[in-house]
Structure formats: C-alpha cells, structure tokens
Amino acid sequence: MRVISCGITDVGLKRGHNEDNYLINEELNLFVVADGMGGHAGGEYASAICVNTVEEVVTSLELNGQVEDSDDPVEVAREKLRYAIQLAGRRIHEKANQMPEYNSMGTTVVVILLDAGNAVIAHVGDSRVYMLRDGKAEQLTDDHSLVYQKVKEGLITAEQAKTHRMRNVITRSLGYLEDVEVDVQVRAVRRGDRFLLCSDGLCGHLELEEIGELMARLGPQDAARRMVDLACERGGEDNITAVIAAVEDV
Ligand code: CA
C-alpha cells in the first residue's frame with residue numbers, strides 16, 4: 001500500500017503543556033493518537049508510554065503466543081493491536097501505582113494499522129477516527145464517554161452534549177484499571193480513502209461535514225494544519241492533535 005501521511009499536535013491556547021502524543025510509522029503504516037490525562041506530568045507520560053508501547057508491540061514479530069492459533073493476517077493484526085493497547089494499559093497502570101506523582105494518570109488511544117488492503121482500527125476513550133470516502137466523511141469510532149452514551153440512548157441531543165457539564169467524563173481509558181476492553185474493527189480500504197485520527201481538542205470544535213470538506217479539498221498536510229488552526233480559533237482550550245493518512249494506492 002502507498003500512503004501519504006502527516007501529523008500535527010498543538011498545545012492550544014489555554015494549557016501550559018501538551019498531554020497529547022502521536023506516532024506515525026511509515027514503514028508499518030501505523031498511526032496512533034493518544035490523549036493523556038492526570039496531574040503534573042502524568043498525562044504526557046501516560047500518552048507517551050501508550051504510543052511507544054503500541055509501536056514496540058506492532059514492530060515486534062514475536063507476540064508471546066497471543067495469536068498463535070490464527071493464520072489469518074487480518075485476525076493477527078486485530079489481535080496485535082488489542083494486545084498492544086492492553087499491554088500499554090498495564091504499563092501505565094503499573095507506573096501510576098508505583099509513583100505517587102503519576103497517581104491518577106491515564107490516556108485515550110486510537111490506532112490504525114493499514115495492511116494488505118485493510119484498515120485495522122482500535123480505540124479506547126474519546127479520541128476519534130474519521131474516514132473520508134467518495135467525498136463524504138464518516139466517524140468510525142464510538143466515543144467511550146458518558147455524553148456519547150446518552151446521545152446514543154436518545155437521552156440528550158448531540159447539541160446538548162457539547163455543553164453538558166459531564167462532557168469530559170470518559171467511561172473507558174488506559175491506566176485507570178489494570179485491564180481494559182479494546183474496540184477493534186476492520187475496514188477494507190480503497191484507493192483515495194483518507195483517515196483522520198484526532199484528540200477531542202480537535203473534533204470538539206469541528207463538524208463532521210467540515211472535516212469531510214477539508215480532507216476532500218486539501219492535501220493531508222494542509223488539511224491537518226487547517227483543522228488545528230480552526231480548533232484554536234474556536235477556543236483552543238485543550239491540546240489539539242491531528243494525524244491524517246491518505247491511501248494513494250492499495
Ligand atoms: Ca483532550
């Protein structure tokens with residue numbers, strides 16, 4: 001597969017430091033965004049452990065027997081991401097327990113691995129993946145957040161969710177518990193597909209249609225830059241991260 005990609009992270013206008021981390025590994029076609037949380041330096045430490053662990057596991061061919069029963073490459077990729085994210089969660093949880101200053105740290109994560117005509121997508125938390133195909137954008141991930149759940153259940157509207165007092169409550173993250181459930185999905189990829197991975201500091205300020213329009217009109221670098229700038233112009237109260245992967249050929 002031939003993929004063009006780029007990533008931008010920005011501290012935003014209100015925060016003293018950037019707790020988001022991202023990773024682009026062009027050799028593996030591996031893309032990760034993690035949005036850390038927790039006092040002091042905890043958030044950036046948690047998101048760094050996360051992206052590094054995911055890369056380490058996906059890079060290593062040895063999987064500690066986690067997927068030895070399967071010779072289906074898609075199944076292997078699914079399990080690889082699941083295992084990588086769970087290991088990241090255990091490492092963060094362990095560090096948080098060992099060091100009082102990292103006590104409450106955690107992170108969200110979204111991962112895409114493009115391989116053999118497929119996009120394997122894994123996530124925990126409220127960072128998101130969007131896909132652009134045929135000029136239309138679609139959100140591929142369901143936020144693990146309280147307000148997202150309430151919108152799905154029809155208890156509040158998407159408009160109300162934006163200003164809800166509990167809009168920052170995440171129902172699943174890495175680090176809080178030793179084990180975490182990871183959502184993994186597989187999409188067949190077509191030439192021309194574009195993927196956006198982002199933290200909530202970005203998607204909290206941009207509508208789906210806008211994301212689609214920018215990804216369709218601009219190249220990955222310009223689209224990511226424009227999205228981050230727009231999120232800043234509209235408040236920029238959180239850290240903002242965008243990673244775009246454009247499939248040039250399958
Ligand atoms: Ca955030």
Considering the range 25-42 alone, what residues qualify as being surrounded by fewer than 18 Cβ atoms within 10 Å (Cβ to Cβ) and of a type in the set (A, V, I, L, M, F, W, C)? 28, 41
Of the conditions (1) touching a Pro at 6+ places or on another chain (Cβ under 7 Å); (2) free of Cβ contacts under 8 Å to residues at least 40 places away in the same chain, residue 116 clears all except one; give me its number. (2)
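Could you run through the range 2-35 and say how many residues are more than 12 Å from the ligand (Cβ to nearest atom) and at positive phi?
Within the range 2-35, residues that are more than 12 Å from the ligand (Cβ to nearest atom) and at positive phi number 1.
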Determine which single condition residue 181 fails, assuming it passes every other condition in (1) under 19 Å from the mean Cα position of the chain (by Cα); (2) surrounded by 14 or more Cβ atoms within 10 Å (Cβ to Cβ). (2)
Looking at 38, 65, which is the one that is at positive phi, at pLDDT below 95 and within 16 Å of the ligand (Cβ to nearest atom)? 38
Condition test on residue 208, is it within 16 Å of the ligand (Cβ to nearest atom), of a type outside the set (Asp, Glu), closer than 21 Å to residue 138 by Cβ and touching a strand residue (DSSP E or B) at 6+ places or on another chain (Cβ under 6 Å)? no
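The values are calculated or read from the model by the stated rules, or taken from the named source; none is laboratory data. Note that the structure is a prediction, hence the values are computed from the model and not measured. Quick reminder, even Gly has a Cβ in these numbers, built from the backbone with ideal geometry, and neighbours come from all protein chains shown.
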